[in-house]
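Accompanying notes for the structure given below.
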Amino acid sequence: MRQLLFICCFFTAISTYAQSVPNPGFEFWNTSSVDNPTDYPLNSNQMANILGLPFNCNKIADPQQGALAMQLNTVSNANDTLIGYFFNGDPNTLTGGIPYSGHPITLTGYYKNNQMPGDTGILLIVFKEGGTAISFDFAIFTGTHTAYTPFTVVLTIPPFANPDSIIFGAASSNGFNTNGMPGSMLQFDNITFMGANSQPANMNGSFENWITTNTSTPQDWATAGGFTFQTTDVHSGTYALSLSTFAYDLQNFSPSYASNGTMIGNNLGGGRPYTLLNDTLCGWYKFTAMGIDSGIAFVQTSLATSPVGMAFQILPPNSAYTYFSIPFSSFTQPDTLLVVIASSSNNTTLSNVGSVLKIDDLYLKSSQVGITELSWNIFGMVKLYPNPSNVECWIEFDNTKNAPVVMTITDGLGKVISEISVEETGHQRQHIDTSVLNKGCYLVTLTQNGKRTCRPLLVD
């Protein structure tokens, strides 16, 4: 079975950032939307999102009649070519489809197209009875037609058959014969069965009905795999990152990824400006495994695009958020830091489909200096200072909810060192005695009514 690993290309502009993890708590997200044709659950927009390609199954205000039409495009990037398609059932396994007991003679409609040389568009109609295909008809589209052109497909349903369902759809390139040629376009409108008493109830052959689907991506992170989600199952704050391992089909599987750089094939690149020789990436994760599986977090430093340091951490199954850390070193001063997170480790199989990795509260130990502030959490402007500390420090926050705030200090292994409950409301300034703590990295967590925010504390 072919495993699809690091298949997608991430494009993240490098600008001037502090030496820290961008959007470390995954609190900030960009939301985009796409319109999908109603009654055609199998369409190429989902795969376009997975591969980082433009949506290519689109509504267009260029109808033959009505207000809208369907346009399919074959698109590509440096690694992948994706045919535009829509189907109401699976054209490969001939499963699914929509109910229809009519016995039409022909299928008619209108199309425009611009097929690249050597490429053809295709339209497919399969009638089924009792789950078995009883007719298989198609139309091929070639050349270029800039004006709507009528077409007719003569159907070959056996005379004495009693069809009960159909699979119908089309593609901008003939995926049965080729991988498609980028630039091919096929557009449809007003598709109708002729010679029958009725049309299928869920045909949407005029392509007037569409449903809007929203997708979210974390700011300052590139994602691939399509199964990357914003989740409210958090370690602290409001949101965390959720990555799921998925299957293209029964032979091809892939983790979902998040990265602050680029990944092309198995080659890693890009990232954020960074110049330290030694550091540690820390964070919190939960992992639900399907089969024998684990998540993975990977760190690479580079100089002028050449790797100078590398480290990774396998993230085994854990039902509760668990602390992890990845020490890393460079043999010479780097200029870039790349972080990659994946929902499965390198030996992904079909049994791993559905594994889910959740990540929250990433940070570099080197970045936890000075006064740490968070302005977006429920406790207002949180200040932890001085940080690093070797005698004492203070944490300031606001309690506006008329409910206790639990302040917990944990060490790098997740062991609770101390815990107090702050009952008073209003602005709080709590003392932390760091003279009794061993040198190292600790986490100060504020919890109220199930909501949490946390900041690392470095004791030197």
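Every read-out reported here was derived from the displayed coordinates using simple, explicitly stated rules and does not represent laboratory data. The model shown is predicted, which means the values in this text are computed figures rather than measured ones. Positions of Cβ are backbone-derived with ideal geometry, glycine not excepted, and every protein chain shown enters the neighbour counts.
Quick rundown of the values:
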read-out	value
Label of the coordinate-derived value, Rg/Rh (Cα atoms, Kirkwood Rh), listed as (i) 1.40; (ii) 1.04; (iii) 1.09	(iii)
Exposure proxy ranking, count of Cβ atoms within 10 Å, fewest first, for Thr288, Thr445	Thr288, Thr445
Cβ-Cβ FRET estimate between Ala67 and Met194, R0 fixed at 22 Å, reported to 0.05	0.40
Range of Cα positions in the stretch 219-366 per principal axis (Å), largest first	43, 34, 26
Two-site FRET efficiency, Ile211 against Leu94, from Cβ-Cβ distance with R₀ of 25 Å, rounded to 0.05	0.50
Distance-filtered residues of the stretch 192-217 - backbone nitrogen under 19 Å, label point 7 angstrom along Thr156 Cα→Cβ	194
Cα-based shape type of the stretch 78-129, given that a ≥ b ≥ c are square roots of the gyration tensor eigenvalues and the cut on a/c is 1.5	oblate
Total formal charge among the other residues, if their Cβ is under 13 angstrom from that of Arg272, Lys/Arg +1 and Asp/Glu -1	-3
Cut-off 11 Å between beta-carbons: net charge of the residues surrounding Leu337, Lys and Arg +1, Asp and Glu -1	-1
Linear extension gain, Thr238 paired with Ser351, 0.36 nm per residue minus alpha-carbon span	37.5 nm
Helix-only [θ]222 nm of the chain, DSSP H runs n ≥ 4, -39500 (n - 2.57) each, per residue, nearest 500	-500 deg cm²/dmol
Cα-based radius of gyration of the stretch 91-189 once divided by 2.2 N^0.38 Å, which approximates compact folds	1.14
Relative contact order of the stretch 219-366, pairs being alpha-carbon contacts under 8 Å that are 6 or more residues apart, as %	32 percent
Mean separation of Cα contacts under 8 Å, 6 or more apart, over the residue count of the chain: relative contact order %	15 percent
Phi to ³J(HN,Hα) by Karplus 6.51 cos²θ - 1.76 cosθ + 1.60 over the stretch 97-103, Hz, x for Gly, Pro	x, 10, x, 6, 10, x, 10
Global form of the stretch 372-459, assessed from the alpha-carbon gyration tensor, a/c cut-off 1.5	prolate
Cross-link partners of Lys439 among aspartates and glutamates (Cα-Cα below 18 Å; sequence separation of 8 or more within a chain)	Asp279, Glu392, Asp411, Asp460
Highest to lowest packing among 333-344, 400-411, scored as the average C-beta count within 10 Å	333-344, 400-411
Whole-number percent relative contact order across the stretch 32-211, with pairs defined as alpha carbons under 8 Å at least 6 apart	31 percent
Of Asn390, Ser435, Leu457, farthest towards positive along the dipole that unit charges on Lys, Arg, Asp, Glu beta carbons give the stretch 372-459	Leu457
Eligible lysines near Lys451 by straight Cα distance, threshold 21 Å, same-chain separation 8 or greater	Lys286, Lys358, Lys383, Lys401, Lys415
Tensor-based shape of the stretch 32-211 (alpha-carbon gyration tensor, a/c under 1.5 rounded, otherwise prolate or oblate)	prolate
Amide H partners (placed H, <5 Å) of Met310, local residues excluded	Thr301, Ser329
